[in-house]
1. Going by a ≥ b ≥ c, the root eigenvalues of the Cα gyration tensor, does region 127-211 fall in the rounded group (a/c under 1.5), the prolate group (a/b larger than b/c) or the oblate group?
2. Let me know the volume per residue of the alpha-carbon convex hull for region 56-103, in Å³.
3. Calculate the spin-label point distance for residue 199 paired with residue 116, positioning each point 7 Å from the Cα along the beta-carbon direction, and give it in nanometres.
4. Restricting to the chain, what percent of DSSP beta bridges are antiparallel, rounded to 5?
5. So how compact is region 87-186: Cα radius of gyration and Dmax in angstrom?
6. Sequence gap at least 6, Cα distance under 8 Å: using those rules, report the relative contact order of region 103-218 to the nearest whole percent.
7. Testing the spin-label approximation: label points 7 Å from Cα along Cα→Cβ at residue 107 and residue 54. State their distance in nm.
8. Cα gyration tensor of region 1-116, axes a ≥ b ≥ c as square roots of the eigenvalues: rounded (a/c below 1.5), prolate (a/b > b/c) or oblate?
Amino acid sequence: MLAADEVREQLELGSLPEDWRPRFNVAPTQPVAAVTDAQTRQVEWLRWGLIPSWAKDASIGSRLINARSETAMEKPSFRQAFARRRCIILADGFYEWQHKEKKAGPSVPYHFHLKNRSAFGFAGLWEFWRDAEGNPLRSCTILTTSANAIVAPVHDRMPVILSGPDLWAWLQPADPGVHAALLKPYPADQMDAYPVSRAVNDPTRDVPDLVNPAAPSS
């Protein structure tokens, strides 16, 4: 993720958290930068992994890091959030793993980003939950769609990427069909990708080198 001034300017955001810092490897259950209000465009931290309001404990969140856009409006875990609590999760790239048969070698991680390297938003949903002691927790999930031509050789799904007017249309009140129409694969000709180091598999490692192209194998 880019520096605060770059992200704010590129996406025309409001205030950012005081503890903002660029991230290069975000794992499920960690905080992600998100916007829930199209008017203030204030950025806040949400826990990645949606915890429905009716959940008995927070552990369900680790299984709800993604939501299929084709069914999110109907699934009990997501339908209320789809109707009332949509969010934008800020990013400037994402990783996907190309899984191979054992005889063909280990899986390879790829970094996907826009060709102009600008920031964008993932279409997301958020929820408000309280634990047994009444402590509040705000969490989110990323909506996915079918892969475009650049992601498909690596993975059959991709996050829904929003930019330009679509970014803020996602947060505006509208007929569900208007929101559903935004949940489509991002144009492949506007994206780029390359393999990166398998070090991204370590959730404790969060350094700029992770987004560099992997060294050619010998």
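1. Verdict is oblate for region 127-211.
2. Each residue corresponds to 150 Å³ of Cα convex hull volume.
3. 3.1
4. 90
5. 16.5, 51
6. RCO, region 103-218: 30 percent.
7. Roughly 3.2 nm, to one decimal.
8. oblate
FYI, it's all coordinate maths here, none of it is from the lab. All values derive from a computational prediction rather than experimental measurement. Glycine gets a Cβ as well: all are built from the backbone with ideal geometry, and neighbour counts include every protein chain shown.
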